[in-house]
Structure formats: C-alpha cells, structure tokens
1. Just to confirm, what accessible area per residue do you get for the chain at 1.4 Å probe, in whole Å²?
2. Over the chain, what is the relative contact order in whole percent, taking alpha-carbon pairs under 8 Å and six or more residues apart?
3. If we restrict to alpha carbons, what Rg and Dmax does the stretch 1-61 come to, in Å?
4. Over the chain, what percent of the accessible surface lies on carbon and sulfur atoms, probe 1.4 Å?
5. Grab the Cα-Cα distance for M105 and T52, subtract it from 0.36 nm times how many residues apart they are, and report the gain in nm with one decimal.
6. Tell me what the chain gives for mean residue ellipticity at 222 nm when only DSSP H runs of n ≥ 4 count, each as -39,500 (n - 2.57), the sum divided by the residue total, rounded to 500 deg cm²/dmol.
7. Measuring from centroid to centroid over Cα atoms, what is the spacing of the stretch 78-118 and the stretch 42-68 in Å?
8. Would you rank F68, F107 by solvent-accessible area, highest first, keeping every protein chain in place and using a 1.4 Å probe?
Amino acid sequence: MSYIDGFVIAVPNANREQFIAHARTFDAIFMEFGATRVVECWGDDVPEGKLTDFRRAVQAKQDESVVFSWIEWPDKATRNAGMEKFMKDPRMADASDMPFDGKRMIFGGFTPVLSLPA
C-alpha cells in the first residue's frame, strides 16, 4: 500500500501564481525521486470552526488562503529515500524564496488504512 505526506500552509492571495510556479518546480523533483502523484489544492471552502480549523492551524491571515497538499509514494521506504534525496538536492537552494511562510506549515507522514477506487 502507498504512503502519503500531507501539508497545510497559508499562502498570501497575492502570491497565488508565484505559489503555483514554485509548486511546479518542486513537485517535479518529488516525482523525479519516486513520488507517484502530487496534489496542490487552493482553499475554496475553508470555514472557521468553533474550536479549531485549517486557518487557525496555520495562523492564516485575512489576505491568505489555505493550501492543502499531499504527495503519494509507492511505500514508506521510497518516501524516505526520496525525501533524503530531495533535501540534499542542490535545487533546494531555490526554496529560500518560498511564496509563503514555511514556519507556519504543518505536515506529516501517513499510512493509508482505507482507499476506495476512483
């Protein structure tokens, strides 16, 4: 079964196109290192909750949208090897010019427990 890395970030609305260009560049590197799919989703219906929500989780400001992303890998071993290569790749030097505040990113690795066909 596959392995999933999930991410939630806040991106300034003014940086939407810059974010998409950034994602195209770095998501291609994940694919090069073994990912089978990368999905970037711009928040469209992200309500405020009573106790917690996506916006609070990343301290999104009024002029920011929440982006929910995931990377699918064939398995955790491929993910671990791919992430290690990614972090050491010289192209990562360009990551210092991210169109969002990486300190507010939340992320984690997940083992699927149920997957229904598309």
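1. Dividing the accessible area of the chain by its residue count gives 65 Å².
2. Across the chain, relative contact order equals 49 percent.
3. My reading of the Cα-based Rg and Dmax gives 13.9, 41 Å.
4. That share works out to 57 percent.
5. Extending this stretch completely gives an extra 17.5 nm.
6. Value at 222 nm, helices only: -9000 deg cm²/dmol.
7. If we compute the Cα centre of each part, the gap is 20 Å.
8. F107, F68
The values are calculated or read from the model by the stated rules, or taken from the named source; none is laboratory data. In this text, all values refer to a predicted model and were calculated from it rather than measured experimentally. All Cβ positions, even for glycine, are placed from backbone atoms using ideal geometry, and neighbour counts span all protein chains on display. Areas reflect the complete protein model, heavy atoms only, side chains present, ligands, DNA and RNA absent. Shrake-Rupley method; radii C 1.70, N 1.55, O 1.52, S 1.80 Å.
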